[in-house]
1. Just for region 219-245: of the residues that are assigned to a loop (DSSP other than H, G, I, E, B) and more than 18 Å from residue 200 (Cβ to Cβ), which one is most open to solvent (accessible area, probe 1.4 Å)?
2. Sort out for me the strands (runs of 3 or more DSSP E) sitting completely within region 71-178 that have 3 or more residues that are at pLDDT 90 or above.
3. So in region 68-78, with the set limited to residues that are touching a strand residue (DSSP E or B) at 6+ places or on another chain (Cβ under 8 Å) and open to solvent by 20 Å² or more (accessible area, probe 1.4 Å), which one is nearest to residue 145 (Cα to Cα)?
4. Residue 91: free of Cβ contacts under 8 Å to residues at least 12 places away in the same chain, in contact with a Leu (Cβ under 8 Å, 6 or more places away or on another chain) and buried (at least 16 other Cβ atoms within 10 Å of the Cβ), yes or no?
5. Quick one: which residue in 366, 334 is hydroxyl-bearing (Ser, Thr, Tyr) and either modelled with pLDDT of 95 or more or under 27 Å from residue 62 (Cβ atoms) (or both)?
6. Take the residues of region 349-367 that are among the hydrophobic types (A, V, I, L, M, F, W, C) and closer than 12 Å to residue 294 by Cβ: which is surrounded by the most Cβ atoms within 10 Å (Cβ to Cβ)?
7. Would you be able to say whether some residue in region 323-337 is out of contact with any strand residue (DSSP E or B) (no Cβ under 7 Å at 6 or more places or on another chain), of a type in the set (Lys, Arg) and open to solvent by 10 Å² or more (accessible area, probe 1.4 Å)?
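The values are calculated or read from the model by the stated rules, or taken from the named source; none is laboratory data. Note that the coordinates shown come from a computational prediction; the quantities given were computed from them, not determined experimentally. Reconstructed Cβ throughout: ideal geometry from the backbone, glycine too, with neighbour counts over all protein chains shown. Areas reflect the complete protein model, heavy atoms only, side chains present, ligands, DNA and RNA absent. Shrake-Rupley method; radii C 1.70, N 1.55, O 1.52, S 1.80 Å.
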Amino acid sequence: MNREDTVRRRRQKGRHAAYIALFLAALLFANLVIAALCDHFSLYFYTGEHYAHRIGPAATDLFPTGESEGEGVEIIFCMAEEKLAADPIYSLVYNTARQLTEVLSFLSIRSENIYLNPGAVKPYRTVTDSLGNTVEVPITEESVIFVSGGRHKTESLESFFVLDENRAVTAYNGEEVMLSCIGNVRTANRPLAAYTTSHGENFADMQGFYTLLLAAGYGITVLSPDEEIPDNVSLIVISNPLYDFDRAAAENPNPEELDRLDAFLGRGGTLYVSIDPYGKGELTHLRAFLASYGLTAGTEIIRDAENSLTQDGYTLVTDRGSGTVGDSVFRRVSSYTSSRAIVREASCIGFTEAPGWNTEALLLSSPTAVTYKNGAPTGNAAPYPVLALSRRAENGGAIILSSSVYFLADDVLYSGIYSNRTVALALLSELGAPQAAVGCTVLPINSDRLEDLTMRTARLYALLLIGVIPLGVAVCGVCVLNRRRRR
């Protein structure tokens, strides 16, 4: 090969390299422009993806033999069947209803074009509220009506999906919502779950918990501080209060809030309490009340540098505790999922002596976790309780204490990856919830496959991507160059 051929080949290789570099630069620039436009104008590209969802075992667990006895339930879709089936998103709701009719013999479905036949839904345009007042119910093409006997309930197609703060769909939870509606119209008198108010309780991130309680068979109400607890309330929720609860003085014959809660637990009620360890309120009376039943919520924050989902170490992947209730709950949870529950910014729960009450840890941090106070470690590495239970040995009555308000946050309840929702439903079922739809499948619409990485796993992946793969490429490159030189 003469000198001119060598120069020509080198120039040709240089041009090829330049073309490749130019193509990659153009591709990168186009991606950056498209990403910026999508972010600025909230655009997206529809790829024609077809979402498929299969129901879980919840329906057959709730109604083991299909429960053909009793009143049947009819689901009426107010959109023409061909239009409903053609919609890539709303067809999920219709297909879930069809799958449920295959396992529940008392269930039937039909579609009505309410524009051509408005009289088909006329009987369902009004309902009677708890005060006996007649209320108009708006029914549109996107309405879904559940009917059983003289009871009916109307939902919109949108209500079967999980929406973020921008009202973008993030997950499909139609199976659970549908079973909740079916149970609603089949039951004349449902027990109530009551949220306490007037203590600065957190309701900003409660939509997921609200639907979870509906899925457990409860009706929802609120409870003001000066109100007696109604007899049909069987669950009370105290969610991250900022201000303390009142306790009657010894000379005061009139019961205050905590006295009424004592009576509520005495008649077999269940109390769910979550306390934010970062809360500024001391909650002296509430903490003393919990301690009298065997539970204390600490103020130290649990940090786990090795088994955390986040770099700061405060998002904990929990282990399961052991105990009479916990063993029963997690046997049931294990039949549906092998994933684990997570919490964030949790404190350590302690236990005190409470005659007649049995305490147990339900969820624990990993053994590599330590506690921190004011930025400094305060304890040795150990598994710390972050969800605990105190239950009366006889005649029921129970307190569930969570030291992290994140245990029932919307993004973990609907992630489709973590078991928080399954654990909560199985626990409520164990404590007497009337209808716990455990085992429903959630379909994430926008899922992140790296969501379940702990920091230890992430470090291994980072080492693989940063070190091992480039090293392998370099070794291969050296081998190829050596072979070319020997030719």
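1. That would be 231.
2. Of the strands (runs of 3 or more DSSP E) lying wholly inside region 71-178, those with at least 3 residues that are at pLDDT 90 or above span 73-77, 107-111, 143-148, 151-156.
3. The qualifying residue nearest to residue 145 (Cα to Cα) is 74.
4. yes
5. Testing whether each residue is hydroxyl-bearing (Ser, Thr, Tyr) and either modelled with pLDDT of 95 or more or under 27 Å from residue 62 (Cβ atoms) (or both) leaves just 334.
6. 349
7. yes
Rundown of residues vs (1) open to solvent by 60 Å² or more (accessible area, probe 1.4 Å); (2) within 28 Å of residue 416 (Cβ to Cβ), yes/no style:
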{"position": "80", "(1), (2)": "no, no"}
{"position": "96", "(1), (2)": "no, yes"}
{"position": "108", "(1), (2)": "no, no"}
{"position": "116", "(1), (2)": "yes, no"}
{"position": "149", "(1), (2)": "no, no"}
{"position": "162", "(1), (2)": "no, yes"}
{"position": "165", "(1), (2)": "yes, yes"}
